[in-house]
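Engineer: Could you have a look at this structure, given as structure tokens, before my questions?
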Amino acid sequence: MTPSDITILGAGIAGLSVARALSLRGWRVTVLEQAASFGETGAGLQISPNGAAVLHALGLGDALDGASIRGRAVELRRGSSGAKVLRLDVSDQRYHMIHRADLIGLLADGATEAGARIVMGGRAHDAPGYVIGADGMHSRLRGAIGGASQAFFTGHVAWRAVIPAEPGAEAVAEIHMGPGRHLVSYPLRGGMLRNIVAVERRKAWAEESWTLRDDARNLRAAFATFSPRVRGWLDRVDEPWLWGLFRHEVARLWHDERRVILGDAAHPTLPFMAQGANLALEDAWVLADCLNRHPDFVSATTAYQRIREGRVRKVVAAANANARVYHLPPPIAPVAHAVMRLGGVIAPKAPLRRFDWIYRHDVTR
Ligand SMILES: Cc1cc2nc3c(=O)[nH]c(=O)nc-3n(C[C@H](O)[C@H](O)[C@H](O)COP(=O)(O)OP(=O)(O)OC[C@H]3O[C@@H](n4cnc5c(N)ncnc54)[C@H](O)[C@@H]3O)c2cc1C
């Protein structure tokens, strides 16, 4: 297509990355973000090699290195004792741990530097011309294009918190697993902070929102049987965010004749594979590439959905399945953990290789 004017709704990870990708290709981009300012919303994100590949291709590799911690390993640990079940070495991969606000910051700088205009406090109910909906999991555009779909509560809630890190925290993402619950933690911001995501299976409903707070005592009670290491972290949590985990269908239709959706707007993903932001980055690259290669909007966005949908459905399904692995109850858990540990000793690279299809996928090649 010949580059022209385009409006992007939402200055999240998807919106800002596609803003930079299109601006670099000569499009005149306006990003409308409903929030008045970026602020410190959110907590840590893990950017895996498939997402990092997009940031590098967008010329933001150095900014990513500067704002993130390069992870050395992912460790699975038994919740009750803290004993290591498996250590996956990721030091040879582009595996990053970053504060969401820092990722948003570097993407916003990147989009502006490439020529995009970002309007804070902006909402467009009826933006004329081409529109990209990067407006997150409660996307209005998704409903307008393909009809709203029902989300259902998965029976899991996630608490998120950021605490001051203990001195010398290793650049490792730790996953502490117990029956019906698990906790993921890793350092952020040069090792000054520690990110905590704690997931519990429960019947009671909780809202799906970035802004709902909970009493830290509920979080501590849920993990009271976990190791002193985990309890020590939770003692330092003030007022965690609480997030109900909902399963959404992947949107059936991602575009019409002048509008297209990407990221969580098209396919909200449970956090059990830490892939939502990474998929948003992949979408952004492919969408910009298709708009650049195809003669018109409909053929470009049809190709974009065709390229992305199969992969996205597979990753979403893998994330859905992963909750079961982390939450195994006794007596299965010790057996499964022993098998994992043995597997890690015999073939230390094998567990990670199972996920090559996710992490080694490079949409920029
Ligand atoms: C507990 C938890 C842990 C997670 N951990 C990871 C992880 O480690 N790695 C990973 O890859 N992903 C992770 N994710 C997922 C990740 O956060 C999301 O997939 C990602 O933020 C999606 O990006 P997005 O740009 O599509 O949407 P968002 O980041 O939600 O951005 C949408 C933006 O649109 C704006 N907006 C909404 N409506 C409008 C409107 N009408 N007009 C204008 N603006 C609007 C919003 O204010 C927002 O800024 C996690 C999620 C959760 C819940």
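The values are calculated or read from the model by the stated rules, or taken from the named source; none is laboratory data. All values derive from a computational prediction rather than experimental measurement. Note that each Cβ is placed from the backbone with ideal geometry, even for glycine, and that neighbours are counted across all protein chains shown.
Engineer: Could you please tell me which pairs satisfy a Cβ distance under 9 Å, a separation of 6+ or placement on different chains, a first residue in the range 105-121 that is of a type in the set (S, T, N, Q), and a second residue that is modelled with pLDDT of 95 or more?
Structural biologist: Every condition considered, the pairs that remain are T112/A19; T112/R20; T112/S23; T112/I118.
Engineer: Here is a further query. Among P179, P187, which is the only one that is within 20 Å of R87 (Cβ to Cβ) and either of a type outside the set (F, W, Y) or touching a residue at least 60 places away in the same chain (Cβ under 8 Å) (or both)?
Structural biologist: Being within 20 Å of R87 (Cβ to Cβ) and either of a type outside the set (F, W, Y) or touching a residue at least 60 places away in the same chain (Cβ under 8 Å) (or both) holds for just one of P179, P187, which is P187.
Engineer: For A127, all conditions in the list (1) out of contact with any Ser or Thr (no Cβ under 6 Å at 6 or more places or on another chain); (2) farther than 30 Å from H327 by Cβ; (3) modelled with pLDDT under 95 hold save one; what is the number of the exception?
Structural biologist: Single failed check for A127: (1).
Engineer: Follow-up. Go over the candidates S139, S149 one by one and state the one that is surrounded by fewer than 17 Cβ atoms within 10 Å (Cβ to Cβ), at pLDDT below 95 and not acidic (D, E).
Structural biologist: Going through S139, S149 in turn, the sole match is S149.
Engineer: Here is a list of conditions, (1) in a loop (DSSP other than H, G, I, E, B); (2) out of contact with any strand residue (DSSP E or B) (no Cβ under 9 Å at 6 or more places or on another chain), and A63 meets all of them except one; can you say which number that is?
Structural biologist: With (1) in a loop (DSSP other than H, G, I, E, B); (2) out of contact with any strand residue (DSSP E or B) (no Cβ under 9 Å at 6 or more places or on another chain) applied to A63, the lone miss is (1).
Engineer: Could I ask something else about it? Looking at (1) within 16 Å of the ligand (Cβ to nearest atom); (2) part of a loop (DSSP other than H, G, I, E, B); (3) among the acidic types (D, E), find the lone condition where D102 falls short.
Structural biologist: Failed condition: (2).
Engineer: Test V74 against the stated conditions and say whether it is within 23 Å of A161 (Cα to Cα), among the β-branched types (V, I, T) and either within 11 Å of the ligand (Cβ to nearest atom) or outside any helix (DSSP H, G or I) (or both).
Structural biologist: yes
Engineer: So which residues in the range 146-165 are out of contact with any Lys or Arg (no Cβ under 6 Å at 6 or more places or on another chain) and more than 10 Å from the ligand (Cβ to nearest atom)?
Structural biologist: G147, A148, S149, Q150, A151, F153, A161, V162, P164
Engineer: Looking at this structure, is A111 at pLDDT 95 or above, surrounded by 15 or more Cβ atoms within 10 Å (Cβ to Cβ), within 12 Å of the ligand (Cβ to nearest atom) and of a type outside the set (F, W, Y)?
Structural biologist: Taking the combined requirement at face value, the residue does not satisfy it.
Engineer: Any idea which residue in the range 238-277 is nearest to the ligand (Cβ to nearest atom), counting only those that are among the aliphatic types (A, V, I, L, M), more than 15 Å from V199 (Cα to Cα) and surrounded by fewer than 23 Cβ atoms within 10 Å (Cβ to Cβ)?
Structural biologist: The residue in question is V250.
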